[in-house]
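Student: Quick one: the structure is below, questions incoming.
The values are calculated or read from the model by the stated rules, or taken from the named source; none is laboratory data. Just so it is clear, the model here is predicted, and its values are computed rather than measured. Cβ: placed from backbone, ideal geometry, glycine included. Neighbour counts: every protein chain shown. Protein only, heavy atoms only, side chains kept; ligands, DNA and RNA dropped before computing areas. Shrake-Rupley method; radii C 1.70, N 1.55, O 1.52, S 1.80 Å.
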Amino acid sequence: MRAMKYVFGPVSSKRLGQSLGVDLLAPKSCTWNCIYCQLGRSNRFVTERSEFFPRQEILDEIVEALGSATAIDWITFVGSGETTLYKGIGWLIHEVKQRTAIPVAVITNGSLLHLPEVRAELLEADAVLPSLNAGSEELYNRIDRPAEGFGFRQHLDGLRQFRKEFSGKLWVEVMLIAGLNDSDEALQDLAVELAHIHPDTVHLVVPTRPAPENIVSMPDDASIRRAVFILSQAAPVVHPVKGSMNLTGAADLLDAVTAIATRHPVQERELETALLDCFPGDPDAVRQSMDSMFASGRFDRVAQGSELYWIMKAG
Ligand code: SF4
(Lines give C-alpha, C1' and ligand atoms only; values in the text may rest on other atoms or scores of the structure.)
Protein backbone atom coordinates (compact mmCIF):
# COMPACT_ATOMS: atom_id res chain seq x y z
CA MET A 1 0.00 0.00 0.00
CA ARG A 2 1.38 3.46 -0.87
CA ALA A 3 2.07 5.98 1.93
CA MET A 4 -1.17 7.64 2.93
CA LYS A 5 -1.65 11.35 3.48
CA TYR A 6 -5.02 11.39 5.23
CA VAL A 7 -5.67 7.85 6.41
CA PHE A 8 -3.81 6.20 9.29
CA GLY A 9 -4.09 3.07 11.41
CA PRO A 10 -6.01 0.93 12.10
CA VAL A 11 -5.42 1.97 15.70
CA SER A 12 -6.91 -0.19 18.39
CA SER A 13 -8.95 1.34 21.22
CA LYS A 14 -11.49 0.10 23.72
CA ARG A 15 -14.08 2.59 22.51
CA LEU A 16 -13.83 2.00 18.78
CA GLY A 17 -12.06 -1.36 18.44
CA GLN A 18 -9.89 -1.39 15.31
CA SER A 19 -10.34 2.13 14.04
CA LEU A 20 -9.20 3.44 10.67
CA GLY A 21 -8.39 7.12 11.22
CA VAL A 22 -9.01 9.87 8.66
CA ASP A 23 -7.36 13.25 9.29
CA LEU A 24 -9.00 16.07 7.31
CA LEU A 25 -6.98 19.02 8.56
CA ALA A 26 -3.70 20.84 8.25
CA PRO A 27 -2.02 20.77 11.68
CA LYS A 28 -3.05 22.42 13.92
CA SER A 29 -6.45 23.84 12.97
CA CYS A 30 -8.63 24.37 15.99
CA THR A 31 -11.21 26.63 17.60
CA TRP A 32 -9.87 25.76 21.03
CA ASN A 33 -6.44 25.72 22.69
CA CYS A 34 -6.93 23.07 25.37
CA ILE A 35 -4.37 22.94 28.13
CA TYR A 36 -4.08 19.18 27.63
CA CYS A 37 -3.86 19.17 23.82
CA GLN A 38 -1.54 16.45 22.58
CA LEU A 39 -0.86 18.49 19.43
CA GLY A 40 0.75 21.26 21.50
CA ARG A 41 -0.37 24.89 21.83
CA SER A 42 -2.55 26.52 19.18
CA ASN A 43 -0.35 29.32 17.87
CA ARG A 44 -3.34 30.74 16.07
CA PHE A 45 -6.98 29.78 16.07
CA VAL A 46 -8.79 28.56 12.98
CA THR A 47 -12.48 29.37 13.17
CA GLU A 48 -13.56 29.46 9.51
CA ARG A 49 -14.64 26.22 7.93
CA SER A 50 -13.04 25.27 4.63
CA GLU A 51 -12.20 22.30 2.42
CA PHE A 52 -8.58 22.05 3.56
CA PHE A 53 -7.79 19.28 1.05
CA PRO A 54 -9.75 18.08 -2.00
CA ARG A 55 -12.57 15.85 -0.80
CA GLN A 56 -12.24 13.43 -3.72
CA GLU A 57 -8.55 12.85 -2.88
CA ILE A 58 -9.49 11.97 0.70
CA LEU A 59 -12.29 9.67 -0.40
CA ASP A 60 -9.98 7.87 -2.85
CA GLU A 61 -7.53 7.20 -0.03
CA ILE A 62 -10.23 5.87 2.27
CA VAL A 63 -11.49 3.54 -0.45
CA GLU A 64 -7.95 2.31 -1.14
CA ALA A 65 -7.32 1.71 2.59
CA LEU A 66 -10.58 -0.20 2.91
CA GLY A 67 -9.49 -2.43 0.06
CA SER A 68 -6.26 -3.50 1.74
CA ALA A 69 -6.93 -3.32 5.49
CA THR A 70 -8.60 -6.15 7.35
CA ALA A 71 -10.87 -6.22 10.38
CA ILE A 72 -11.80 -2.56 10.72
CA ASP A 73 -14.52 -1.84 13.29
CA TRP A 74 -14.90 1.90 12.72
CA ILE A 75 -13.87 4.57 10.24
CA THR A 76 -13.09 7.55 12.42
CA PHE A 77 -12.84 11.16 11.32
CA VAL A 78 -10.42 12.72 13.75
CA GLY A 79 -7.38 14.81 13.32
CA SER A 80 -4.98 17.62 13.71
CA GLY A 81 -7.51 19.99 15.27
CA GLU A 82 -11.28 20.41 15.13
CA THR A 83 -12.66 17.89 12.65
CA THR A 84 -15.84 19.76 11.73
CA LEU A 85 -13.82 22.72 10.46
CA TYR A 86 -13.59 20.60 7.31
CA LYS A 87 -16.36 21.85 5.06
CA GLY A 88 -17.54 18.78 3.23
CA ILE A 89 -17.30 16.28 6.07
CA GLY A 90 -20.97 15.51 5.45
CA TRP A 91 -20.25 14.63 1.82
CA LEU A 92 -17.38 12.37 2.89
CA ILE A 93 -19.49 10.57 5.51
CA HIS A 94 -22.23 10.05 2.94
CA GLU A 95 -19.84 8.72 0.27
CA VAL A 96 -18.10 6.38 2.73
CA LYS A 97 -21.44 5.00 3.85
CA GLN A 98 -22.38 4.28 0.23
CA ARG A 99 -19.29 2.10 -0.08
CA THR A 100 -19.07 0.14 3.16
CA ALA A 101 -21.16 -1.12 6.05
CA ILE A 102 -18.39 -0.23 8.51
CA PRO A 103 -19.78 2.39 10.91
CA VAL A 104 -18.46 5.94 10.86
CA ALA A 105 -17.48 7.96 13.93
CA VAL A 106 -16.58 11.64 14.23
CA ILE A 107 -14.38 12.90 17.05
CA THR A 108 -14.96 16.61 17.57
CA ASN A 109 -14.68 19.25 20.28
CA GLY A 110 -18.30 20.12 19.44
CA SER A 111 -17.62 23.86 19.26
CA LEU A 112 -19.29 24.25 15.86
CA LEU A 113 -22.44 22.30 16.69
CA HIS A 114 -24.30 25.57 17.28
CA LEU A 115 -24.21 25.95 13.46
CA PRO A 116 -27.18 24.23 11.74
CA GLU A 117 -25.06 23.35 8.69
CA VAL A 118 -22.47 21.54 10.84
CA ARG A 119 -25.13 19.56 12.67
CA ALA A 120 -26.68 18.62 9.32
CA GLU A 121 -23.33 17.39 7.98
CA LEU A 122 -22.96 14.94 10.89
CA LEU A 123 -26.41 13.38 10.78
CA GLU A 124 -25.35 10.34 8.76
CA ALA A 125 -22.54 9.40 11.17
CA ASP A 126 -23.12 6.38 13.39
CA ALA A 127 -21.42 7.94 16.40
CA VAL A 128 -20.33 11.48 17.27
CA LEU A 129 -17.93 12.07 20.18
CA PRO A 130 -17.91 15.72 21.24
CA SER A 131 -16.10 17.16 24.28
CA LEU A 132 -17.47 18.67 27.43
CA ASN A 133 -14.80 19.20 30.05
CA ALA A 134 -16.47 21.67 32.35
CA GLY A 135 -19.85 22.48 33.81
CA SER A 136 -19.02 26.13 34.45
CA GLU A 137 -17.91 28.98 32.24
CA GLU A 138 -14.86 29.67 34.39
CA LEU A 139 -13.51 26.12 34.10
CA TYR A 140 -14.45 25.91 30.42
CA ASN A 141 -12.32 28.99 29.74
CA ARG A 142 -9.43 27.66 31.82
CA ILE A 143 -9.36 24.18 30.32
CA ASP A 144 -10.44 24.66 26.70
CA ARG A 145 -9.25 28.25 26.15
CA PRO A 146 -11.59 28.82 23.18
CA ALA A 147 -11.21 31.40 20.42
CA GLU A 148 -13.19 34.60 20.84
CA GLY A 149 -16.84 34.09 20.05
CA PHE A 150 -16.88 30.46 21.24
CA GLY A 151 -18.58 30.89 24.60
CA PHE A 152 -19.64 28.25 27.09
CA ARG A 153 -23.40 28.75 26.66
CA GLN A 154 -23.09 28.52 22.89
CA HIS A 155 -21.18 25.24 23.31
CA LEU A 156 -23.85 23.76 25.56
CA ASP A 157 -26.65 24.93 23.26
CA GLY A 158 -24.91 23.30 20.28
CA LEU A 159 -24.61 19.97 22.10
CA ARG A 160 -28.21 20.02 23.27
CA GLN A 161 -29.57 20.95 19.86
CA PHE A 162 -27.48 18.29 18.13
CA ARG A 163 -28.80 15.64 20.50
CA LYS A 164 -32.34 16.56 19.48
CA GLU A 165 -31.57 16.14 15.78
CA PHE A 166 -29.10 13.25 15.80
CA SER A 167 -30.38 9.69 16.13
CA GLY A 168 -26.96 8.00 16.20
CA LYS A 169 -24.79 7.41 19.25
CA LEU A 170 -23.76 10.54 21.13
CA TRP A 171 -20.75 9.75 23.29
CA VAL A 172 -19.60 12.83 25.19
CA GLU A 173 -15.94 12.83 26.13
CA VAL A 174 -14.82 14.35 29.43
CA MET A 175 -11.11 14.91 30.04
CA LEU A 176 -10.51 14.65 33.77
CA ILE A 177 -7.61 16.77 35.00
CA ALA A 178 -6.24 16.66 38.53
CA GLY A 179 -6.95 19.81 40.53
CA LEU A 180 -9.13 21.38 37.81
CA ASN A 181 -12.35 19.55 37.08
CA ASP A 182 -12.09 16.62 39.49
CA SER A 183 -13.53 18.33 42.58
CA ASP A 184 -16.99 17.36 43.83
CA GLU A 185 -18.33 20.78 42.85
CA ALA A 186 -16.87 20.71 39.31
CA LEU A 187 -18.15 17.18 38.75
CA GLN A 188 -21.63 18.04 40.04
CA ASP A 189 -21.77 21.01 37.64
CA LEU A 190 -20.71 18.75 34.79
CA ALA A 191 -23.29 16.12 35.71
CA VAL A 192 -26.04 18.77 35.61
CA GLU A 193 -25.05 19.92 32.10
CA LEU A 194 -24.60 16.36 30.85
CA ALA A 195 -28.06 15.46 32.09
CA HIS A 196 -29.49 18.29 29.93
CA ILE A 197 -27.64 16.97 26.87
CA HIS A 198 -28.76 13.32 27.22
CA PRO A 199 -25.69 11.56 25.77
CA ASP A 200 -25.86 7.79 25.28
CA THR A 201 -22.67 7.45 27.30
CA VAL A 202 -20.00 9.63 28.86
CA HIS A 203 -16.43 8.67 28.05
CA LEU A 204 -14.11 9.64 30.84
CA VAL A 205 -10.53 10.07 29.66
CA VAL A 206 -7.38 11.16 31.45
CA PRO A 207 -4.30 13.04 30.18
CA THR A 208 -1.91 10.14 29.60
CA ARG A 209 0.11 11.91 26.92
CA PRO A 210 2.49 14.87 27.19
CA ALA A 211 0.54 18.15 27.43
CA PRO A 212 1.67 21.66 26.48
CA GLU A 213 1.00 23.01 29.97
CA ASN A 214 2.67 21.57 33.06
CA ILE A 215 -0.39 22.17 35.24
CA VAL A 216 -1.99 19.19 33.52
CA SER A 217 -1.69 15.97 35.48
CA MET A 218 -3.45 12.66 35.90
CA PRO A 219 -6.15 12.39 38.53
CA ASP A 220 -5.56 9.63 41.07
CA ASP A 221 -7.68 6.49 41.21
CA ALA A 222 -9.88 7.89 43.95
CA SER A 223 -10.73 10.96 41.82
CA ILE A 224 -11.50 8.80 38.81
CA ARG A 225 -13.79 6.59 40.88
CA ARG A 226 -15.51 9.68 42.28
CA ALA A 227 -15.95 11.13 38.79
CA VAL A 228 -17.46 7.89 37.50
CA PHE A 229 -19.83 7.87 40.45
CA ILE A 230 -20.98 11.51 40.10
CA LEU A 231 -21.20 11.63 36.28
CA SER A 232 -23.17 8.38 36.27
CA GLN A 233 -26.09 10.50 37.48
CA ALA A 234 -26.28 11.84 33.92
CA ALA A 235 -25.43 8.82 31.76
CA PRO A 236 -23.50 5.54 31.86
CA VAL A 237 -19.80 6.32 32.19
CA VAL A 238 -17.19 4.44 30.22
CA HIS A 239 -13.63 4.69 31.46
CA PRO A 240 -11.59 3.43 28.54
CA VAL A 241 -8.26 1.78 28.86
CA LYS A 242 -5.68 3.22 26.56
CA GLY A 243 -5.64 1.98 22.97
CA SER A 244 -2.80 0.03 21.51
CA MET A 245 -1.23 0.26 18.10
CA ASN A 246 -1.51 -2.29 15.38
CA LEU A 247 1.44 -2.19 13.00
CA THR A 248 1.14 -5.67 11.58
CA GLY A 249 -0.32 -4.56 8.23
CA ALA A 250 2.14 -1.68 7.71
CA ALA A 251 4.16 -1.77 4.49
CA ASP A 252 6.77 0.52 5.99
CA LEU A 253 7.08 0.61 9.78
CA LEU A 254 8.91 3.94 9.88
CA ASP A 255 6.21 5.66 7.80
CA ALA A 256 3.44 4.05 9.85
CA VAL A 257 4.96 5.20 13.16
CA THR A 258 5.65 8.65 11.70
CA ALA A 259 2.00 8.94 10.63
CA ILE A 260 0.86 8.18 14.19
CA ALA A 261 3.49 10.39 15.90
CA THR A 262 2.49 13.31 13.68
CA ARG A 263 -0.91 13.17 15.33
CA HIS A 264 -0.02 12.29 18.91
CA PRO A 265 3.00 11.25 20.99
CA VAL A 266 3.70 7.52 20.82
CA GLN A 267 4.30 5.75 24.10
CA GLU A 268 7.54 3.79 23.74
CA ARG A 269 6.19 0.85 25.71
CA GLU A 270 3.12 0.68 23.45
CA LEU A 271 5.34 0.83 20.38
CA GLU A 272 7.44 -2.05 21.67
CA THR A 273 4.33 -4.15 22.29
CA ALA A 274 3.00 -3.38 18.80
CA LEU A 275 6.32 -4.36 17.24
CA LEU A 276 6.31 -7.68 19.08
CA ASP A 277 3.23 -8.55 17.02
CA CYS A 278 5.28 -7.80 13.88
CA PHE A 279 8.27 -9.86 15.06
CA PRO A 280 6.68 -12.58 17.22
CA GLY A 281 9.12 -14.14 19.70
CA ASP A 282 12.02 -12.03 18.43
CA PRO A 283 12.79 -9.23 20.92
CA ASP A 284 16.14 -8.57 19.19
CA ALA A 285 14.34 -7.74 15.95
CA VAL A 286 12.02 -5.43 17.90
CA ARG A 287 14.96 -3.62 19.46
CA GLN A 288 16.75 -3.32 16.10
CA SER A 289 13.62 -2.01 14.46
CA MET A 290 13.15 0.62 17.19
CA ASP A 291 16.81 1.63 17.05
CA SER A 292 16.69 2.02 13.29
CA MET A 293 13.44 4.02 13.41
CA PHE A 294 14.85 6.32 16.06
CA ALA A 295 18.09 6.68 14.08
CA SER A 296 16.04 8.16 11.23
CA GLY A 297 16.23 11.44 13.17
CA ARG A 298 12.48 12.04 12.85
CA PHE A 299 11.69 11.66 16.56
CA ASP A 300 12.61 13.04 19.97
CA ARG A 301 12.11 11.12 23.21
CA VAL A 302 10.35 12.89 26.09
CA ALA A 303 9.46 11.65 29.56
CA GLN A 304 5.97 12.02 31.03
CA GLY A 305 5.69 10.52 34.51
CA SER A 306 7.36 7.12 34.34
CA GLU A 307 6.73 6.72 30.59
CA LEU A 308 8.83 7.63 27.57
CA TYR A 309 7.15 9.01 24.44
CA TRP A 310 8.25 9.56 20.89
CA ILE A 311 7.27 12.92 19.45
CA MET A 312 8.04 14.42 16.05
CA LYS A 313 11.17 16.56 16.00
CA ALA A 314 10.39 20.25 15.62
CA GLY A 315 11.06 21.88 12.25
S1 SF4 B 1 -10.10 20.58 20.80
FE2 SF4 B 1 -8.70 18.89 20.48
S3 SF4 B 1 -7.27 19.59 18.89
FE4 SF4 B 1 -8.36 21.39 19.67
S5 SF4 B 1 -7.01 22.22 21.23
FE6 SF4 B 1 -8.48 20.87 22.26
S7 SF4 B 1 -7.49 18.87 22.35
FE8 SF4 B 1 -6.38 20.12 20.84
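Student: Would you list, by chain and number, the lysines whose Cα falls below 26 Å from the Cα of residue 164, excluding same-chain residues fewer than 8 positions away?
Tutor: In chain and number order, the partners are 87, 97.
Student: Principal axis extents for the range 1-89, Cα atoms only, whole Å, descending order, please.
Tutor: 38, 30, 20
Student: For the range 266-312, what size does the Cα cloud have along each of its three principal axes, sorted from largest down, in whole Å?
Tutor: 29, 23, 12
Student: Compute the length gained on full extension between residue 164 and residue 120: take 0.36 nm times their separation in residues and subtract their Cα-Cα distance, giving the result in nm to one decimal. List each step's numbers first, then the result.
Tutor: On the way: separation 44, 0.36 × 44 = 15.84 nm, distance 1.18 nm.
Gain in length upon complete extension: 14.7 nm.
Student: How much accessible area per residue does the chain have, counting only protein heavy atoms and a probe of 1.4 Å, in square angstrom? Spell out each step's value before the answer.
Tutor: On the way: 13910 Å² over 315 residues.
Per residue, the chain has 44 Å² of solvent-accessible surface.
Student: Summing +1 for each Lys or Arg and -1 for each Asp or Glu, what net charge is found among the other residues whose Cβ lies under 15 Å from the Cβ of residue 314?
Tutor: Once all neighbours under 15 Å are counted, the net charge is +4.
Student: Next up: Inverting the mean 1/r over all pairs of different Cα atoms, compute the Kirkwood radius of the range 39-132 and quote it in Å.
Tutor: Values: mean 1/r = 0.0712 Å⁻¹.
Roughly 14.0 Å, rounded to one decimal.
Student: Which sequence of 290, 4 reflects their accessible areas, 1.4 Å probe, from the largest down? Before the final figure, lay out each step's value.
Tutor: Working: 290 0, 4 40 Å².
From most exposed to least exposed: 4, 290.
Student: Around residue 34, what is the net charge, scoring Lys/Arg as +1 and Asp/Glu as -1 over all other residues with Cβ under 14 Å from its Cβ?
Tutor: Working: positive: 28, 41, 142, 145, 209; negative: 82, 144, 173, 213.
Neighbour charge sum, excluding residue 34 itself: +1.
Student: Additional query: In whole Å, what is the distance between the alpha-carbon centres of the range 93-157 and the range 251-315?
Tutor: The range 93-157 and the range 251-315 have Cα centres separated by 31 Å.
Student: If I histogram all Cα-Cα distances within the range 7-242 using bins 10 Å wide from 0, what percent of pairs lands in each bin?
Tutor: Here the calculated profile for the range 7-242 is 8, 33, 38, 18, 3.
Student: Still on this structure, please answer the following. Beta carbons within 10 angstrom, averaged per residue: use that to sort the peptides 126-136, 109-119, 220-230, highest first. Don't skip to the end; give the middle numbers.
Tutor: Values: 126-136: 22.4, 109-119: 20.7, 220-230: 15.2.
Order by mean packing, descending: 126-136, 109-119, 220-230.
Student: Only helical DSSP H runs with n ≥ 4 go in: add -39500 (n - 2.57) per run for the chain, normalise by residue count and round the 222 nm mean residue ellipticity to 500 deg cm²/dmol.
Tutor: Values: 10 runs with 111 residues, N = 315.
Computed mean residue ellipticity for the chain: -10500 deg cm²/dmol.
Student: Let me ask something else about it. Nearest-5 percent of antiparallel DSSP beta bridges in the chain? Before the final figure, lay out each step's value.
Tutor: Working: 15 of 37 bridges.
Bridges in the chain are about 40 percent antiparallel.
Student: Using the membrane-span-like helix rule (whole DSSP H runs, Cα extent along the own axis of at least 27 Å, mean Kyte-Doolittle hydropathy at least 1.0), which helices of the chain qualify? Intermediate results must be reported in sequence, preceding the final value.
Tutor: Numbers: long enough: none.
Helices meeting the span and hydropathy rule in the chain: none at all.
Student: Only four residue types carry charge here, +1 at the Cβ of Lys and Arg and -1 at the Cβ of Asp and Glu. Report the dipole size of the range 266-312 about the Cα centre in Debye, rounded to the nearest 20. Spell out each step's value before the answer.
Tutor: On the way: 4 positive and 9 negative charges, 34 e Å.
Dipole size: approximately 160 debye.
Student: Which of the cysteines found in the chain have nothing to pair with, since no other Cys Cβ lies under 4.7 Å from theirs?
Tutor: 30, 278
Student: Would you mind estimating how fast the range 124-283 diffuses translationally, via Stokes-Einstein at 37 °C and 0.692 mPa s with the Kirkwood radius over Cα pairs, in µm²/s? Write out the running numbers ahead of the final one.
Tutor: Details: Rh = 17.6 Å.
Once the numbers are plugged in, D ends up at 186 µm²/s.
Student: Further question on the same structure: Net charge within 14 Å of residue 53 by Cβ-Cβ distance, Lys/Arg positive one each and Asp/Glu negative one each, not counting residue 53 itself? Numbers along the way, then the final one.
Tutor: Working: positive: 5, 49, 55, 87; negative: 23, 51, 57, 60, 61.
So the surrounding residues net to -1.
Student: With label points built 7 Å along Cα→Cβ from the Cα atoms of residue 312 and residue 3, find their separation and express it in nm.
Tutor: Placing both labels 7 Å along Cα→Cβ, they lie 1.2 nm apart.
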